[in-house]
Amino acid sequence: MTTVKVGTFWDNAFETLQAALTAAEDSDIVFIAKGTYTQSAEYHLFSVNIKIYGSFEGREASPDQRTFASTDTTTLDGSGYRVFSLNNGRNNATVIDGFKITGGHGDDGGGMYSNHSLAKPELYNTIVLGNSDGIDEEGISEYSHCLVQGSGSNFGYTDGMIWDNIPYSPTDVFVSPIALGQSAGGNFHLKLGSPAIDAGDNFHNNKAVDIEGNQRLINGIIDLGAYESAIFPAIIITHPQGENLNVGGNHTMSVVATDTNLTYQWLKNGGAISPNGTAYTYVITNAKSSDAGTYTVKVTADDGSTDTSHPAVVTVATPGGYTGAAMTAHQR
């Protein structure tokens, strides 16, 4: 016997998002599990005061029980279609909370289109990125803990961020922004010294963590945007150590630094080591005289801050008793 999915609880959830939105009546609440939902048509919202929450594991009973992470969320991929379309006469009480909206295409609002001045939802904990255009000119009534790439100007203001409407170049604000268009690349963490750091309003914050699950309030004032910046830049706390090796010997150098999401680049005598020099350790195996030299490692954090280690000198003794690091042509 086929079970009819009526969406009254998780085990009986609708099989498609549009089925849930179509069935929703005025003031209903819709919960959507984590995962990527690829569209074959735009999602239409017809009901008044509907509240749509994403980023659920599939067992929660309340939006407050969700755990946010930018790599584990509810992604709505328009796949060339507009993602959301709000229809005439809907009011400002519609809520969209906990999504990544991407891949949408439309002449006016590829991520979200409101075709009436009253159809302006509230947007929370959401990233709108990689659409042909973000949100159309009618905009949204209020947003918080959001990043919206491309928009009109009619927005309520709390502690989210609308890229293209901020009075700074995106390269001054973000680690690695990309131009508006259907690409979801780039790095929209706040860079070191960004004017968005500590520029929000604590009054509008009721979340303990940001969209990645990191502490939301650092340094006393909330940041603008979906990501809270780290209070400290990348700082190396354990430096690599050199070694006096014999030919054929092995040596491992390592580094420990503060911050998260770090990248590493090892250098020998000032030149970048490739391709094996991008981990927190660097290993010399079966040492040769050419392995002798001065090693350092440059550590870079998501906010763009960097730190370079103290030099670590490696010498390699040849069978004649000389070291590769100190041997001269005269000694040879």
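No value in this document is a laboratory result; all are computed from the given coordinates. Here the structure is a predicted model, which is why all the values come from computation and not from measurement. Note that we place each Cβ from the backbone using ideal geometry, even for glycine, and neighbour counts take in every protein chain shown.
Between ASP201 and THR263, residue separation times 0.36 nm minus the direct Cα-Cα distance comes to 19.2 nm. Here the gap between GLU15 and VAL256, fully extended at 0.36 nm per residue and compared with their Cα-Cα distance, gives a gain of 82.1 nm. Between LEU192 and THR294, residue separation times 0.36 nm minus the direct Cα-Cα distance comes to 33.8 nm. Given R0 = 30 Å, the distance between the Cβ atoms of THR22 and VAL209 translates into a calculated FRET efficiency of 0.35.
Of the peptides 73-79, 206-212, the ranking by mean beta-carbon count within 10 Å, highest at the top, reads 73-79, 206-212. For the pair VAL313 and GLU57, a Förster radius of 51 Å applied to the C-beta separation gives a FRET efficiency near 0.50, rounded to the nearest 0.05.
Tell me, what is the FRET efficiency for ASP108 and SER40 to the nearest 0.05, using R0 = 22 angstrom and their Cβ-Cβ distance as r?
The formula returns an efficiency of 0.55 here.
Under a cut-off of 17 Å between alpha-carbon atoms, report the lysines in cross-link reach of LYS288, not counting same-chain residues fewer than 8 places apart. Output for LYS288: LYS268. With the highest mean first, a sort of the peptides 36-43, 288-295 on other beta-carbon atoms found within 10 angstrom per residue produces 288-295, 36-43.
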